[in-house]
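First the structure, in the form of structure tokens, and then the observations on it.
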């Protein structure tokens, strides 16, 4: 390497190199560009410029780096995909990213095998029978601990904090399995539904490197969760195509592939995809625009229209909400969806930007969701006072209240923000501060509900 | 004189190929040669040369090789290939047609 006697010039080149590495450029391309910069600098200093002057001129002549990397991307369009999967971090040595690939593949295989371990003890997945209750209760305990392990490794957590993170999973395994649930009991289904929500918080702790309250890590975890959900759906679609072809091709030679698809392909694929999906989300971070905020922008207006149309129709016809079994769950899901839209809109928003039309739209969405929910709650309260509590009704009611409080306060903060009374950062802080509430309630349902309701 | 961006971009390929037809070279030297040949009228943003070179490499018009330079650093040298020479000949014909056409009309404008 030609080094310049001028120490600050070398430092400036190093800074430039660090900056350019953040662009989606290939390693050798950076080296080639750096060589060019050094040649230029040598020529300019020879012509009598000082180091600083030469550096300014040389960098300016190199041109706008964004435009440059766009040109590079156009010349190498295949690399864009590769960067999604392979791009190592700025100063990460190449062998670490290679090791990373191995670790991820190892964990994905481990997750796929873990899901088959109960088969050794006679609990089998078969396409002919219903899914064994053991699997239903423990679904999240196969992939989540391995995903946590991945983040423990990736973030370089210590062994001790790794042990702390193992605690929630151990507790989850205990509470999912010690209770003697009645066959087809409501509480068993509630445990199956709530355990993943409770344990996702533990994954989050590993994700933010155990520092839950600093560095905007929680918002990153929210982003990660949304992107993972999208990636998981995409991988599932691919898996569906694979399944279809497996059936079709083996049927062509008069073989039934159902035992393989139902017993191996789908369960192992579903478990492994959690790890692979997380790895993809981690790897492509900041390379391309995230999908969740885009979907949020797309669907916020549509859901607002839906809610307003629903309210208008109800006011026009005067027909009350007909409380059936699923209605409470349905309105819970509606609130979850609205909270999701608010959360992902917040995650992609610049907190410093002034309010715009989209923020007003969000407020309309939240308010109309609240009104719809109040009507649903009134109808449901009437039913509960008539027929009493069941585990399902209490769980759904609790969730409804939790989401309602979140949205009501969000609406207030939105209104203040729109009238320039407060900053958007407050709303963002409220949303991320609220995150553990969901998991704590879910944990409560898992731990308390079965004994309280007599395992029915 | 400021050249139009499109014209600079369009002339980049034949120019690079022609310079490499003179002999193997590397990025910085190619830029220097362009400035020299055009009398400083053809100013490229330095970085933009590299995507052009890489595109030509993918199309097989040039071949690249990393080797040591006189100052001990690794440097990527480019060499024109047989396809590159054919491409250069084709481009040259096209440019001559453009050049001839413009010349014809401008001569008429002068004499009229």
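Against the condition touching a strand residue (DSSP E or B) at 6+ places or on another chain (Cβ under 9 Å) and more than 13 Å from chain A (Cβ to nearest Cβ), how does residue B:24 come out, does it pass? Taking the combined requirement at face value, the residue satisfies it.
Just one residue in the set A:259, A:279 is out of contact with any helix residue (DSSP H, G or I) (no Cβ under 9 Å at 6 or more places or on another chain) and in contact (Cβ under 8 Å) with a residue 40 or more places away in the chain; that residue is A:259.
Answer yes or no as to whether residue A:41 is part of a loop (DSSP other than H, G, I, E, B), within 11 Å of chain B (Cβ to nearest Cβ) and either crowded, with 22+ Cβ neighbours inside 10 Å or touching a residue at least 12 places away in the same chain (Cβ under 8 Å) (or both). No: the conditions fail for residue A:41.
When residue A:101 is tested against (1) away from every other protein chain (no Cβ under 11 Å); (2) at pLDDT below 80; (3) under 29 Å from the mean Cα position of the chain (by Cα), just one condition goes unmet, and that condition is (2). Which of the residues that make up the range A:51-68 are more than 16 Å from residue A:14 (Cα to Cα), in contact (Cβ under 8 Å) with a residue 24 or more places away in the chain and more than 8 Å from chain B (Cβ to nearest Cβ)? Of everything in the range A:51-68, just one residue is more than 16 Å from residue A:14 (Cα to Cα), in contact (Cβ under 8 Å) with a residue 24 or more places away in the chain and more than 8 Å from chain B (Cβ to nearest Cβ), namely A:66. Of the helices (runs of 4 or more DSSP H) contained entirely in the range A:354-456, those carrying at least 1 residues that are within 26 Å of residue A:202 (Cα to Cα) and modelled with pLDDT of 90 or more fall at A:391-418, A:424-452. Every condition in (1) part of a helix (DSSP H, G or I); (2) surrounded by 13 or more Cβ atoms within 10 Å (Cβ to Cβ); (3) at pLDDT below 70; (4) away from chain B (no Cβ under 11 Å) holds for residue A:82 except the one numbered (2).
For the range A:325-346, the set of residues classified as surrounded by fewer than 20 Cβ atoms within 10 Å (Cβ to Cβ) and under 15 Å from residue A:428 (Cα atoms) consists of A:340 only. Only helices (runs of 4 or more DSSP H) whose full extent lies in chain B are considered here, and the ones with at least 3 residues that are surrounded by fewer than 16 Cβ atoms within 10 Å (Cβ to Cβ) and modelled with pLDDT under 85 are B:5-22, B:82-111. Scan the range B:70-89 for residues that are at the interface with chain A (Cβ under 8 Å from one of its Cβ atoms) and either closer than 20 Å to residue B:8 by Cβ or touching a helix residue (DSSP H, G or I) at 6+ places or on another chain (Cβ under 9 Å) (or both) and jot them down. Within the range B:70-89, B:71, B:73, B:74, B:75, B:76 qualify.
Table: residues versus (1) at pLDDT 90 or above; (2) under 30 Å from residue A:363 (Cβ atoms); (3) not in a helix (DSSP H, G or I).
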position: A:222; (1), (2), (3): no, yes, no
position: A:230; (1), (2), (3): no, yes, no
position: A:237; (1), (2), (3): yes, no, no
position: A:259; (1), (2), (3): no, no, no
position: A:270; (1), (2), (3): yes, no, no
position: A:282; (1), (2), (3): no, no, no
position: A:292; (1), (2), (3): no, yes, no
position: A:296; (1), (2), (3): no, yes, no
position: A:312; (1), (2), (3): yes, yes, no
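The values are calculated or read from the model by the stated rules, or taken from the named source; none is laboratory data. In this text the structure is predicted, and so the values were computed from the model without any measurement. Using ideal geometry, Cβ is built from the backbone for each residue, glycine included, and neighbour counts are taken over all protein chains shown.
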